[in-house]
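Working notes, structure below.
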Amino acid sequence: MNIKKIQLPERRHKKREMQQQLSLFLIVLTVFLAMVVPLLSTHSSGNGLKDLGSQYEEGELSNDDIFATSSFQYVDEEQTQKLVEQRMQEILPYFSFSLRSSTVSSRRLETFLALFYQGETGFTDFLQKEGITDERNVVGRIAGLAGEQQQLLLQAIKESGSYVLEQGLFDTEDLKTIQDQGYETLIVKNSLLRQAKNEPSTHSIATLLTKENLQTQLAPVLEPYEHIDSQFQSFLVVDALTMLLEPNVDYEAVETLALREEAAAEIPEQVITIERGEKIIAKDTVVTSSQIDLLQMIGTNNFQYTILELIGRAIFILLATSVSVYVFIQFLRSEKRLYLYLNLMLASVSVSLVAMYGVNLFFTSRSALFLDSYLPVLFAPLFISHITSKKRLGLVCAFLLACYATLMEQSSSVTFFFVLTVSGVCLYFFRYTIKRIDDVFNWFYACVISSFAALALYMLEALPLHQVMPLVGGMILNITISLVFLEAFVPLAEKLFNIPTTYRLSELAFSASPVLDRLESVAQGTYNHSRNVADLSYNAARSIGVNAMLARVGGMYHDIGKADHPEYFIENQSEANKHDDIKPSLSAAIIKSHVKLGLEKGREAGLPQEVLDIIGQHHGNDVIQFFYNEAKNQAKAAGMDVKEDDFKYNGNPPAFPESAIVMLADCVEAASRTLKRPNHSQYEKLVHSLIMGKLERDQLKNSQLSLTDLDQIEDAFVQTLLGRDHRRIEYPSEQKG
């Protein structure tokens, strides 16, 4: 027996170590899957579109609607180049006055006029020196004019020459070049003017001066001279200027190119954004080369993450996982099944990640749109919530999956909130139900509200109309499949790990049980006592917010060990008391044995460990006071000593709230039977004294109950006792007629 007692803690320690090691493995596996699954999904999605692109040829009819499985951006180089060319075309050719040409032409003009005014004959040397050829005999024609006509002509040459140089004489070839480029206007900057702000001006080519159009362009300038002398030869003035002047406005090709390149640099790259769900190719339409190129481009560039992005993803996953696991552990820090529940949570999250990849692959292979409503993220939170009977743990699981889902390539800006919202709705509606019809109503409410929540969130992204029905349909399908899996795997987990879920506890509390049936048949008093303890425990547990069903079941089964020797317990005795014929020490041993026998019967019946703990702890290590006092009196008369330990229960004090509540309910229910015509005040005094007694004897030190909890439990006990023992009014007997 002692060897077994030593081996039991060792086995439990080894089992806990194995569970801890499994938890570490599952954490690593979950982090690995959370990192790899989104990357593989992105790669698969890209390859799927790329394969679709290779299946079609230009001019074919599309067999299906093809949607963008994720948001994608690319640079439209063709459009960008078109805008660059357009912008460059908008920059007009740039011309500027030439100081050298203007100076040379001005000097020629002054020298030419001076030679006539001075009557010199050095025209031949002048022409040779300047490299000018007098093809039209301008010198001879001017020299042959009469004096006044010559002077008037020379004056006209001087004024019109200054005008031409001031307005600018352009080279015909330069103008023809830019006209060939499609320009009819140009920009001219007169750098000869000494003004603070000498801005370039725009000119039409038709208004510019060239040697070829001087006759036409100078007509307004020379017209006054023709009025003075009807014989005035304006064409001779034009011939002289044509010979003497050279173009003094140059085309700045390099400057023009620089201005155009500067303007082109201001044109941003034309980034085309393809939103997730956007239709790339419509069914029964002709496939164009640009659409095929787009599919190929999306497939080629979809799986592109920088090292920095991958590191950021890894940090985010580690942070989300660490926070979730920490919060999960904090909620269950005093729970014996902590690592079992943690492992189930991590395993269900890992399965959900694998399911995400599978669902993504399914939609990609069919070129269908993968919406958030298809994300398989509902089962894990519901499963953990039902297994642990704690919805907050389901929300922790939902938070972790929401973080992972946001890393999927198909996710949107509302994915995180979508997963949390829909999971919260389902956690609220899918609870323990007694009637089957309630499950149908809960399913209906969850589908309707989740669909509305999903639509409301997607309205933030301007949801296209063609996505409304797939979104709602996917939501209903997702909830339905999650519920089917939930109904299959919760009972399986209950069976494998003997977990006291609400469903399992309800079966133990309200369904037929061979153990309780035998207790009812052989120990009716104990059975009735257990039912009353169960009611007291249930109401007290509800008052402080702990597992009320566990407390009820613990109360029902806490005394099943009395079925073997029911006659030794006062609630089953009618008149004779068997303890009157035996020693107090033997009586104490028989009384204590019901705890051990109860544990054995509980294990044989397959009760969850939590219920077994309640059976083993419902008396703690308290003293059996009645028989201890009787033994002391007998020992005192015989002059002997009595060991208190011989009259103590062999169990441990309650280690969790539900166990402590059953302990208190047990002694309160038994003691309440001793009161004669009890009232509210008497119940309050009795319950308070019993609870304080347990507190003083250190029976509640490990129970995790606060003084506030004990006050609320005390009130709940009193109310339950008053309801149990309420009295009916006495009706007067009928008068005899």
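Just so you know, all these numbers are worked out from the coordinates, no wet-lab data involved. Keep in mind it's a predicted model, so treat the numbers as computed, not measured. Backbone-built Cβ (ideal geometry, glycine too); neighbour counts: all protein chains shown.
Some notes on this structure:
- Lys-Lys pairs in the range 79-214 that are eight or more residues apart or on separate chains and whose Cα atoms lie under 23 Å of each other come to 7.
- Estimated translational diffusion coefficient (Stokes-Einstein, Kirkwood radius over Cα pairs, 20 °C, 1.002 mPa s) of the range 471-584: 126 µm² per second.
- For the range 567-654, the C-alpha radius of gyration divided by 2.2 N^0.38 Å, with N the number of residues, is 1.24.
- Mean Cα-pair separation over length for the range 119-270, i.e. relative contact order, pairs under 8 Å, 6 or more apart, %: 30 percent
- Cα-based convex hull volume of the range 503-724 per residue, rounded to whole Å³: 125 Å³
- Among 160-173, 507-520, 615-628, the order from most to least packed when residues are scored by Cβ within 10 Å on average: 615-628, 160-173, 507-520
- Across the chain the C-alpha pair distances fall into 10 Å bins from zero in the proportions 2, 10, 14, 12, 10, 8, 7, 7, 6, 5, 5, 4, 4, 3, 2, 1, 0, 0 percent.
- Each of TYR649, ILE387, LEU710 was placed along the dipole of the chain (beta-carbon charges, centred on the mean Cα), and the one lying farthest toward the positive end is TYR649.
- Computed E for LYS495/ASP76 - FRET, C-beta separation, R0 60 angstrom, nearest 0.05: 0.50
- For the chain, DSSP calls about 75 percent of its internal beta bridges antiparallel.
- Sorted largest first, extent of the range 90-264 alpha carbons per principal axis (Å): 61, 35, 34
- Relative contact order of the range 503-724, pairs being alpha-carbon contacts under 8 Å that are 6 or more residues apart, as %: 23 percent
- Least to most buried among MET18, MET88 (fewest other Cβ within 10 Å first): MET18, MET88
- Value at 222 nm in deg cm²/dmol, rounded to 500, when DSSP H runs of n ≥ 4 in the chain each add -39,500 (n - 2.57): -21500 deg cm²/dmol
- Tensor-based shape of the range 360-462 (alpha-carbon gyration tensor, a/c under 1.5 rounded, otherwise prolate or oblate): prolate
- Sparsely packed GluC sites (Glu not before Pro) within the range 97-131, loop by DSSP, other Cβ within 10 Å at most 15: GLU120
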